[in-house]
């Protein structure tokens, strides 16, 4: 049996980093962890081929080779999903689909031969058993949550590691919070389930043995959801594992209340974490109350961000506009917060209502749903009817993006960040791709760009003030090129 594992293409969005990756000769930010995780669950007699369409095209010869195609995807990939479905069906290759997109909206993908929904550790084995007996049914799903101690390590050998900027591993699933716009708890539950420290070390050992020294992204939706296990087991194990090893800086997602736990911050930094993504959403207390973001309430968000940055954690953050409580002043307030915080990578989006969330249910009852959620904010569309009116919301969103990613303000924000950032002990070793990225940045950003004076100002400032952070300054300049390109081509 020839099994083709397909990861559809992402559109050109802020998170694709497509315009930044080309500076280093890379093709994708991270691999399809879901497909790599289910691969070991497939029969040993099956021959596997993985096609990540963000790295290489899906050729007609790949489809002709396949006896079955397995597809995993998120909402933002749905246009590419439809293309893959059409091509496989034209070649009479049965399609099995799973992952977040299909689990939340199974009714929209009846063209799939089989939907294996929820978490594959529980739903894939019965499908495989039935498929082997030629009696597989269209849909497999469950309300139960698997024990992650039974999850196999990803099958890294299916990848071309040189194509990626980072590798992904997962320690936990689920989140203890219940933000009304987020579908994580609907998909994975509110009680974080974890792998053992031994499992994580085995996955890291396998990557290290393959020569991987770049970033490792812990894809947990809230890495600090189970602090007891983190402090007692995983972080001490990671600290010990790292001794005598080079590279592999860690990145993950956390909630802002990490700033309340100095011990946990210190352990994460010592373990090798140098970057965290946080859902800040809004500096407006009314908006936070509205979306049930209680963990962000009654705190000095700017002080929290600065504390994390000073400890050696580069804060990336998500922001949202379009809450019912938002007034026209929210756009300037978001700009001011982002600039003052020194959050360089600020992902701002229009409020969306994913299926399965409390927000979706409420707005459906109010008759304020406009259609499907596309998952990519660069088209300036949302699937809700905002109280301030869609045109006013879009206008305000443009004003935010046009400001924060204009070179003058972007480079000023990079300086604000670098002033307070402490260089982490764990860094990826210098590779040829870093030299290539520097040389290309000099040409593209230092010579051709209209904002070249800001580029040179940043590099000279960094050399004089914090020379050890020059590689990071160059990296952030390249990120700025990507963000500005997306903003100008899709939003303004």
Suppose we filter 404, 486, 491 for residues that are in the same structural domain as residue 303 (by TED's automatic domain parsing) and more than 18 Å from residue 274 (Cβ to Cβ); which single one remains?
404
What about residue 121, is it farther than 29 Å from residue 256 by Cβ and assigned to a helix (DSSP H, G or I)?
yes
Matching entry among 395, 372 (being over 30 Å from residue 445 (Cβ atoms) and surrounded by fewer than 20 Cβ atoms within 10 Å (Cβ to Cβ)):
372
Residue 145 fails exactly one of (1) assigned to a helix (DSSP H, G or I); (2) under 26 Å from residue 200 (Cα atoms), namely (1)
Screening 136, 129 for residues that are buried (at least 18 other Cβ atoms within 10 Å of the Cβ), over 30 Å from residue 29 (Cβ atoms) and modelled with pLDDT of 95 or more leaves only 136
Being touching a residue at least 60 places away in the same chain (Cβ under 8 Å), under 25 Å from the mean Cα position of the chain (by Cα) and under 24 Å from residue 172 (Cα atoms) is the filter here; which residues of segment 92-141 pass it?
98, 99, 100, 103, 104, 105, 118, 119, 120, 121, 124
State whether one or more residues within segment 433-444 are closer than 24 Å to residue 337 by Cα and either in the same structural domain as residue 76 (by TED's automatic domain parsing) or surrounded by fewer than 18 Cβ atoms within 10 Å (Cβ to Cβ) (or both).
no
Kindly indicate whether residue 347 is over 22 Å from residue 106 (Cβ atoms), touching a helix residue (DSSP H, G or I) at 6+ places or on another chain (Cβ under 9 Å), at pLDDT 95 or above and in a loop (DSSP other than H, G, I, E, B).
no
What is the number of the single condition among (1) in contact with a strand residue (DSSP E or B) (Cβ under 7 Å, 6 or more places away or on another chain); (2) in a loop (DSSP other than H, G, I, E, B) that residue 153 does not meet?
(1)
If you take the residues of segment 284-301 that are within 23 Å of the chain's Cα centre (by Cα) and in a helix (DSSP H, G or I), which of them is surrounded by the fewest Cβ atoms within 10 Å (Cβ to Cβ)?
294
Does residue 9 count as in a loop (DSSP other than H, G, I, E, B), surrounded by 20 or more Cβ atoms within 10 Å (Cβ to Cβ) and either free of Cβ contacts under 8 Å to residues at least 40 places away in the same chain or out of contact with any strand residue (DSSP E or B) (no Cβ under 6 Å at 6 or more places or on another chain) (or both)?
yes
Tell me whether segment 19-34 contains one or more residues that are modelled with pLDDT of 95 or more and part of a strand (DSSP E or B).
yes
For segment 38-106, give me every one of the helices (runs of 4 or more DSSP H) that falls completely inside it and has 1 or more residues that are surrounded by fewer than 18 Cβ atoms within 10 Å (Cβ to Cβ).
60-65, 78-90
Of the candidates 332, 281, 340, the one satisfying the condition of being in the same structural domain as residue 237 (by TED's automatic domain parsing) and crowded, with 23+ Cβ neighbours inside 10 Å is 281
Take the residues of segment 117-126 that are touching a helix residue (DSSP H, G or I) at 6+ places or on another chain (Cβ under 8 Å) and under 17 Å from residue 186 (Cα atoms): which is surrounded by the most Cβ atoms within 10 Å (Cβ to Cβ)?
119
Only residues that are free of Cβ contacts under 8 Å to residues at least 40 places away in the same chain and assigned to a helix (DSSP H, G or I): list them for segment 239-253, please.
239, 240
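Yes/no per residue for (1) at pLDDT below 95; (2) over 16 Å from residue 149 (Cβ atoms); (3) surrounded by 20 or more Cβ atoms within 10 Å (Cβ to Cβ):
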site: 173; (1), (2), (3): no, no, yes
site: 180; (1), (2), (3): no, yes, no
site: 198; (1), (2), (3): no, no, no
site: 206; (1), (2), (3): no, yes, no
site: 210; (1), (2), (3): no, yes, no
site: 217; (1), (2), (3): no, yes, yes
site: 220; (1), (2), (3): no, no, yes
When restricted to 370, 393, 380, the only residue at pLDDT 95 or above and either in contact with a strand residue (DSSP E or B) (Cβ under 9 Å, 6 or more places away or on another chain) or under 14 Å from residue 490 (Cα atoms) (or both) is 393
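The values are calculated or read from the model by the stated rules, or taken from the named source; none is laboratory data. Predicted, not measured: the structure shown is a model, and the values here were computed from it. Ideal geometry is used to build each Cβ from the backbone, glycine not excepted, and the neighbour counts take in all protein chains shown.
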